[in-house]
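S.K.: Below is one structure. I have some questions about it.
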Amino acid sequence: MGQTTFTVDEQVGRIDKVIAQYLSDYSRSQANEWIKQERVLVNGEVKKAKYQAKPGDEIQVDIPDPITLDLKAEDIPLDIIYEDDDLLVVNKPQGMVVHPALGHPDGTLVNALMYHTPLSNINGVLRPGIVHRIDKDTSGLLMVAKNDHAHEALSENLKAKKNLREYLVLVHGEFKENSGTINAPLGRSNKDRKKQAVVVNGREAVTHFKVLRRYVDYTLLSATLETGRTHQIRVHLAYIGHPVAGDPLYGPKKTLPGNGQYLHAHTLGLTQPTTGEELVFEAPLPDYFTAMLSQLEPYNEMSED
């Protein structure tokens, strides 16, 4: 993967923990392994995992190449919303993993894309073409880069918060307010390493929400991402006491039946890398989602005389 360097600001503490916070795709145990292999330098020196990082410390990490999986192109149907020479926008079904990993070597969106078109090489062998991800059990829109030029341009726009990413989400509970913003930093949970959580020294995370429809005990929201942290919408909504319905990781045990969270990437806006044209795409709610909404009881406020 190569070297990456960052400077510690407010995320201080054990160096393995700090690395996992900055490089959120990797776990603290992975960071610990790199430290043991002397792949981590602090201000140019090898340190042990218990070293306490301080503001201003320059951390250099030599990330090893990922374990190579024998990726194969698979003739899996794709719901392509848009396609040109640079990119495509695909509507991912619930239950499909975006890219291969140990335990998911095939049947992923990447396997399907490889059969359909050439992809950019920037993310290496495991994630060709993938500019951003959504969870396995989240449905909806993803942009995919066909070449490195497009990948770099789309990634830069994401970092600059220029993309429109709006989700439709069904949550537990009833809202008094009609809209709001959740601004709470996210990082890996100290209690459960599989989870993300709101943490004091986490990375900036901002989610805007708007009530679309009220039901008895549930609310349908529009949630717009200003940042794109792992599990951001799911963690933020659970944090304010309205976990996503059906969410097996952050929701209550007693929730709506189904195959995961009721969360759908509904609207995606992007800038075409070559022409500069602003494009906006929408994907309707999938059938399982609309079927569940039809079973809920609408919430009707009593009118005053």
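S.K.: Given the conditions (1) surrounded by fewer than 16 Cβ atoms within 10 Å (Cβ to Cβ); (2) at pLDDT 90 or above; (3) farther than 26 Å from Asn201 by Cα, report the number of the one that Gly180 does not fulfil.
M.R.: Unmet condition: (3).
S.K.: While we're on this one: Would you confirm whether or not segment 35-54 contains a residue that is touching a helix residue (DSSP H, G or I) at 6+ places or on another chain (Cβ under 8 Å), part of a loop (DSSP other than H, G, I, E, B), closer than 20 Å to Thr108 by Cβ and among the small types (Gly, Ala, Ser)?
M.R.: Among the residues of segment 35-54, not one is touching a helix residue (DSSP H, G or I) at 6+ places or on another chain (Cβ under 8 Å), part of a loop (DSSP other than H, G, I, E, B), closer than 20 Å to Thr108 by Cβ and among the small types (Gly, Ala, Ser), which makes the answer no.
S.K.: Among Ser120, Ser155, Ser139, which is the only one that is touching a helix residue (DSSP H, G or I) at 6+ places or on another chain (Cβ under 6 Å) and of a type in the set (Ser, Thr, Tyr)? Spell out how you get there, then give the answer.
M.R.: Details: Ser155 fails: touching a helix residue (DSSP H, G or I) at 6+ places or on another chain (Cβ under 6 Å); Ser139 fails: touching a helix residue (DSSP H, G or I) at 6+ places or on another chain (Cβ under 6 Å).
None of the other options fit; the residue is Ser120.
S.K.: Starting from segment 3-31, keep only residues that are surrounded by 15 or more Cβ atoms within 10 Å (Cβ to Cβ) and among the basic types (Lys, Arg), then list their pairs with residues that are in a helix (DSSP H, G or I) and modelled with pLDDT of 85 or more whose Cβ atoms are within a distance under 6 Å, requiring at least 6 positions of separation or different chains.
M.R.: What qualifies is Arg28/Asp16; Arg28/Lys17.
S.K.: Surrounded by 12 or more Cβ atoms within 10 Å (Cβ to Cβ), under 24 Å from Lys195 (Cβ atoms), in contact (Cβ under 8 Å) with a residue 40 or more places away in the chain and not assigned by TED's automatic domain parsing to the domain that holds Asn190 - does that describe any residue in segment 42-53?
M.R.: yes
S.K.: Restricting to strands (runs of 3 or more DSSP E) lying wholly in segment 204-305: which have 2 or more residues that are hydrophobic (A, V, I, L, M, F, W, C), surrounded by 11 or more Cβ atoms within 10 Å (Cβ to Cβ) and free of Cβ contacts under 8 Å to residues at least 40 places away in the same chain?
M.R.: Correct list: 206-215.
S.K.: Additional query: Restricting the search to segment 251-291, which residues are closer than 23 Å to Asp85 by Cα and among the aliphatic types (A, V, I, L, M)? Spell out how you get there, then give the answer.
M.R.: To start, the set of residues in segment 251-291 that are closer than 23 Å to Asp85 by Cα comprises 267-283.
Of everything in segment 251-291, those that are closer than 23 Å to Asp85 by Cα and among the aliphatic types (A, V, I, L, M) turn out to be Leu268, Leu270, Leu279, Val280, Ala283.
S.K.: Looking at segment 188-237 only, could you name the residues that are more than 26 Å from Ser29 (Cα to Cα) and acidic (Asp, Glu)?
M.R.: Across segment 188-237, the qualifying residues are Asp217, Glu226.
Yes/no matrix, rows are residues, columns are (1) in the same structural domain as Asp247 (by TED's automatic domain parsing); (2) at pLDDT below 90; (3) among the charged types (D, E, K, R); (4) crowded, with 19+ Cβ neighbours inside 10 Å:
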residue: Pro100; (1), (2), (3), (4): no, yes, no, yes
residue: Asn121; (1), (2), (3), (4): no, yes, no, no
residue: Ser139; (1), (2), (3), (4): no, no, no, yes
residue: Val144; (1), (2), (3), (4): no, no, no, yes
residue: Ala150; (1), (2), (3), (4): no, no, no, yes
residue: Leu170; (1), (2), (3), (4): yes, no, no, yes
residue: Glu174; (1), (2), (3), (4): yes, no, yes, no
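S.K.: Looking only at segment 214-223, decide whether some residue is under 13 Å from the mean Cα position of the chain (by Cα), aliphatic (A, V, I, L, M) and either closer than 21 Å to Ser139 by Cβ or modelled with pLDDT of 95 or more (or both). Reasoning before the result, please.
M.R.: First pass over segment 214-223, keeping only residues under 13 Å from the mean Cα position of the chain (by Cα): none.
Looking for residues that are under 13 Å from the mean Cα position of the chain (by Cα), aliphatic (A, V, I, L, M) and either closer than 21 Å to Ser139 by Cβ or modelled with pLDDT of 95 or more (or both), one finds none in segment 214-223, hence no.
The values are calculated or read from the model by the stated rules, or taken from the named source; none is laboratory data. All figures in this text were calculated on a predicted structure; none of them were measured in a lab. Note that each Cβ is placed from the backbone with ideal geometry, even for glycine, and that neighbours are counted across all protein chains shown.
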